[in-house]
Amino acid sequence: LKNVMINVMGGTTRINIFQLLKNIVIATAIIEACGAIILLTKFAQDFPIREAIYYSIFHSISAFCNAGFSPFESSMMMYSDSIIISLGMPLLIFLGGLGFTVILDLYRYFFKPQKVRKLSLHSKIVLTTTAILIIVGLIAFFILEYNNTMKGFSFKHRFLASLFQSVTPRTAGFNTIDNGLLNKGSVLMTLLLMFIGASPGSTGGGIKTTTLAVLALTIISMLKGRKDISVFKRRIPKDNFREASGLVFLAATVIFVIVMILMMVEPFSFEDIIFESISAFGTVGLSRGITPSLSSLGKILITLLMYIGRVGPLTLIYAFAKRRNHSNINYAEESIAIG
């Protein structure tokens, strides 16, 4: 159980479960309450106060938990040019996707004075990778959809819509532009963001930002001719690379197998099925509209993908793998050709 908790919470080895749960509940309540107040300033302009309060609380919880549920038929499309909604919702999604260990680390950094203010390496990697993904996604959607779904928008409107679209595919599921009208480049970008997902210990799914970071840092180290994987003046254990590469391989294999089965039993196009499958694995909630029409088997497979994506392939392996005594035998090492 401890190994599973360590994996879910992002590699934290010192776990006081009760204290951790207490901190999570408090942090969640404070963030969601603040988010609801921010959203209320906009919803109060459009609905009676009781409805506005309900919608504010609902969307704040849904955004922070990366659920993506909305009582509005068109999700948040009616608010695509609203600064409050287009910045407030992504902020909640961003915080929910960081992971509670990072949120608590940020709290200690800013609100608990210490002689030396210091973030953990995990927090630095999560924050840096998340920022890069948001910026890259924003630029990509701004360019790709400039004369498509955002045609006729002002610069401010395009910026807000692009920002929202770059944040929400990484497990949130809201949208301010019609996903069914995205061009193929934007669909591909959305698939990539959904596959990556949020960060360890967060409310989101996917392979996680730290997995992407470790693989990227490994490639950078190879290009520089270095044997060690290092960042922020710290060396990352080689076991992390083994886990990251294993996780990506397992995730890709599971998605590949389920997509193959869905292609055989469902009448929909490959683009629609791969979009729905990766969205399920990333627990995103974005859809191209085929899920209600899937067969019973198709819905079971999509549900299975959601479960695997949320819990994580490696977590499932840790949970079900049998413990074995380590062998005292070390075999001779021999290299093989790669690439």
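A short reminder: the numbers here are calculations on the coordinates, not readings from a lab. Remember, predicted model here, so these are calculated numbers, not experimental data. We place every Cβ from the backbone using ideal geometry, glycine too, and count neighbours over all the protein chains shown.
Tabulated values for the structure
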| item | result |
| --- | --- |
| Filtered residue count, region 255-267, keeping only those that are in contact (Cβ under 8 Å) with a residue 24 or more places away in the chain and not β-branched (V, I, T) | 2 |
| Subset of region 209-247 (residues that are within 22 Å of R170 (Cα to Cα), in contact with a Leu (Cβ under 7 Å, 6 or more places away or on another chain) and among the hydrophobic types (A, V, I, L, M, F, W, C)) | A244, L247 |
| Lone unmet requirement of (1) aliphatic (A, V, I, L, M); (2) part of a helix (DSSP H, G or I); (3) under 27 Å from F100 (Cα atoms); (4) touching a residue at least 12 places away in the same chain (Cβ under 8 Å) for I207 | (2) |
| Hits in region 264-297 (condition: surrounded by 21 or more Cβ atoms within 10 Å (Cβ to Cβ) and assigned to a helix (DSSP H, G or I)) | I273, F275, E276, S277, I278, S279, A280, F281 |
| Top-ranked residue of region 301-315 - restricted to ones that are β-branched (V, I, T) and closer than 25 Å to G180 by Cβ, ranked as surrounded by the fewest Cβ atoms within 10 Å (Cβ to Cβ) | T303 |
| Exclusive hit being closer than 20 Å to M194 by Cβ, touching a Gly at 6+ places or on another chain (Cβ under 7 Å) and among the small types (G, A, S), set S62, S70, S75 | S62 |
| Set I255, I261: member being surrounded by fewer than 17 Cβ atoms within 10 Å (Cβ to Cβ), of a type in the set (V, I, T) and not in a loop (DSSP other than H, G, I, E, B) | I261 |
| Of the criteria (1) assigned to a helix (DSSP H, G or I); (2) more than 25 Å from I308 (Cα to Cα), which one F249 fails | (2) |
| Counted residues, region 89-148 - those being β-branched (V, I, T) and over 27 Å from R234 (Cβ atoms) | 3 |
| Scope region 163-204; condition within 15 Å of R310 (Cβ to Cβ) and either without any contact (Cβ under 8 Å) to a residue 60 or more places away in the chain or among the small types (G, A, S) (or both); matching residues | A172, G173, G197, A198, S199, G201, S202, G204 |
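This table checks each residue for (1) in contact with a strand residue (DSSP E or B) (Cβ under 7 Å, 6 or more places away or on another chain); (2) of a type in the set (G, A, S); (3) surrounded by fewer than 24 Cβ atoms within 10 Å (Cβ to Cβ); (4) assigned to a loop (DSSP other than H, G, I, E, B).
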position: Q165; (1), (2), (3), (4): no, no, no, no
position: P169; (1), (2), (3), (4): no, no, no, yes
position: N175; (1), (2), (3), (4): no, no, no, yes
position: M189; (1), (2), (3), (4): no, no, yes, no
position: A198; (1), (2), (3), (4): no, yes, no, yes
position: G201; (1), (2), (3), (4): no, yes, no, yes
position: L212; (1), (2), (3), (4): no, no, yes, no
position: G225; (1), (2), (3), (4): no, yes, yes, yes
position: E243; (1), (2), (3), (4): no, no, yes, no
